[in-house]
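Colleague: This is the structure I want to talk about, given as structure tokens.
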Amino acid sequence: MAQPYQFIRIPLGPRMLEEASRRAAELPIYRQSHRGLQANQVGCIGEVVAEQVLKRLEVPVLPVYGVTHDLEVRGKRTEIKTKDRTVAPKSTYECSVPLYNAAVQCPEMYIFLSIERNIVPRESMDIFRFHTAWVVGYATDMDMNEKSMIKKAGTMEPNGVSFFTDCRNISISQLRPFMTLAAVTQ
């Protein structure tokens with residue numbers, strides 16, 4: 001079970017944010033995206049952070065960034081899911097996987113991150129509003145099937161935000177500690 005003391009905190013420096021911005025600008029705006037470029041920025045920051053942390057931990061990783069998954073981590077199809085927050089994550093918070101991806105994405109593992117930003121107007125496109133990334137844990141596809149719950153579009157989250165689409169949600173406390181990926185032997 002992932003606990004706050006097991007989160008990996010990564011300060012977001014200019015190089016990381018510039019790389020994420022470059023990647024986000026090269027992506028199309030997906031039809032079901034409700035935040036457009038902002039969603040691409042959030043996702044790309046998570047990808048850059050996940051790659052760097054995995055490499056730092058000497059975990060075998062292959063960037064794929066295809067329709068079905070983002071990375072291959074230790075040979076497993078892995079999807080990076082990143083949530084935009086204005087506060088540091090807590091183990092009682094949840095991570096989401098939109099269900100509209102289910103038809104094409106079939107990862108064997110999910111890595112979950114939260115990225116923390118300054119409180120600025122929600123429509124801001126300034127990628128430098130983000131200052132900290134938190135790698136909060138990971139889940140296998142079996143974990144998601146057994147532990148997550150479906151949240152319907154329009155349902156209110158405990159923090160008052162409503163879901164824009166149907167999602168599969170898992171509590172951060174139910175995730176596997178990220179550092180155990182470094183300890184796994186092939």
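The values are calculated or read from the model by the stated rules, or taken from the named source; none is laboratory data. All figures in this text were calculated on a predicted structure; none of them were measured in a lab. FYI the Cβ positions are ideal-geometry reconstructions off the backbone, even for glycines, and counts take in every protein chain you see.
Colleague: Out of VAL161, VAL135, report the one residue that is among the hydrophobic types (A, V, I, L, M, F, W, C) and touching a helix residue (DSSP H, G or I) at 6+ places or on another chain (Cβ under 7 Å).
Modeller: Values: VAL161 fails: touching a helix residue (DSSP H, G or I) at 6+ places or on another chain (Cβ under 7 Å).
On inspection, the qualifying residue turns out to be VAL135.
Colleague: Oh, and also: Which one is farthest from VAL135 (Cα to Cα), of the residues in the stretch 101-114 that are in contact with a helix residue (DSSP H, G or I) (Cβ under 6 Å, 6 or more places away or on another chain) and buried (at least 24 other Cβ atoms within 10 Å of the Cβ)?
Modeller: The residue in question is ILE111.
Colleague: All but one of (1) exposed (fewer than 15 other Cβ atoms within 10 Å of the Cβ); (2) of a type outside the set (Val, Ile, Thr); (3) in contact with a Leu (Cβ under 8 Å, 6 or more places away or on another chain) hold for MET142; state the number of the condition that does not hold.
Modeller: Here MET142 meets the rest and fails (3).
Colleague: Taking the criterion of being out of contact with any strand residue (DSSP E or B) (no Cβ under 7 Å at 6 or more places or on another chain), over 22 Å from ILE170 (Cβ atoms), surrounded by fewer than 16 Cβ atoms within 10 Å (Cβ to Cβ) and modelled with pLDDT under 95, would at least one residue in the stretch 15-23 satisfy it?
Modeller: Yes; the residues of the stretch 15-23 include at least one that is out of contact with any strand residue (DSSP E or B) (no Cβ under 7 Å at 6 or more places or on another chain), over 22 Å from ILE170 (Cβ atoms), surrounded by fewer than 16 Cβ atoms within 10 Å (Cβ to Cβ) and modelled with pLDDT under 95.
Colleague: State yes or no: is VAL67 at pLDDT 90 or above and either under 23 Å from THR140 (Cβ atoms) or of a type outside the set (A, V, I, L, M, F, W, C) (or both)?
Modeller: For VAL67, the condition - at pLDDT 90 or above and either under 23 Å from THR140 (Cβ atoms) or of a type outside the set (A, V, I, L, M, F, W, C) (or both) - is not met.
Colleague: Next up: When you look at GLU157, is it in contact (Cβ under 8 Å) with a residue 24 or more places away in the chain, touching a strand residue (DSSP E or B) at 6+ places or on another chain (Cβ under 7 Å) and of a type in the set (D, E, K, R), yes or no?
Modeller: In short, no.
Colleague: Quick test of your reading of the structure: ALA133 fulfils all but one of (1) crowded, with 19+ Cβ neighbours inside 10 Å; (2) in contact with a Leu (Cβ under 7 Å, 6 or more places away or on another chain); (3) more than 23 Å from GLU58 (Cβ to Cβ). Name the failing condition by number.
Modeller: Single failed check for ALA133: (3).
Colleague: Out of GLU72, GLU51, which single residue is more than 20 Å from GLU26 (Cα to Cα) and of a type outside the set (Phe, Trp, Tyr)?
Modeller: Of the residues listed, the single one that is more than 20 Å from GLU26 (Cα to Cα) and of a type outside the set (Phe, Trp, Tyr) is GLU72.
Colleague: Please enumerate the residues belonging to the stretch 84-121 that are over 14 Å from TYR138 (Cβ atoms) and assigned to a strand (DSSP E or B).
Modeller: ASP84, ARG85, GLU94, SER96, PRO98, ILE115, GLU116, ARG117
Colleague: Which residues, counting only those in the stretch 61-78, are part of a loop (DSSP other than H, G, I, E, B) and either closer than 11 Å to ALA182 by Cβ or touching a helix residue (DSSP H, G or I) at 6+ places or on another chain (Cβ under 8 Å) (or both)? Give the steps one after another, and end with the answer.
Modeller: Residues of the stretch 61-78 part of a loop (DSSP other than H, G, I, E, B): 64-70, 74-75.
Listed by number, the residues that qualify are TYR65, ASP70, ARG74.
Colleague: Another one. Of the conditions (1) closer than 15 Å to VAL135 by Cβ; (2) touching a Ser or Thr at 6+ places or on another chain (Cβ under 7 Å); (3) surrounded by fewer than 16 Cβ atoms within 10 Å (Cβ to Cβ), LEU71 fails just one. Which one is it?
Modeller: (3)
Colleague: Can you tell me which residues in the stretch 72-101 are without any contact (Cβ under 8 Å) to a residue 40 or more places away in the chain and of a type in the set (A, V, I, L, M)?
Modeller: Within the stretch 72-101, ILE80, VAL87 meet the criteria.
Colleague: Identify, please: which residue in the stretch 24-58 is farther than 21 Å from HIS131 by Cβ and of a type in the set (Gly, Ala, Ser) and is, among those, modelled with the highest pLDDT?
Modeller: Applying the filter and picking the extreme gives GLY36.
Colleague: For VAL120, are the conditions met, namely being among the β-branched types (Val, Ile, Thr) and buried (at least 18 other Cβ atoms within 10 Å of the Cβ)?
Modeller: no
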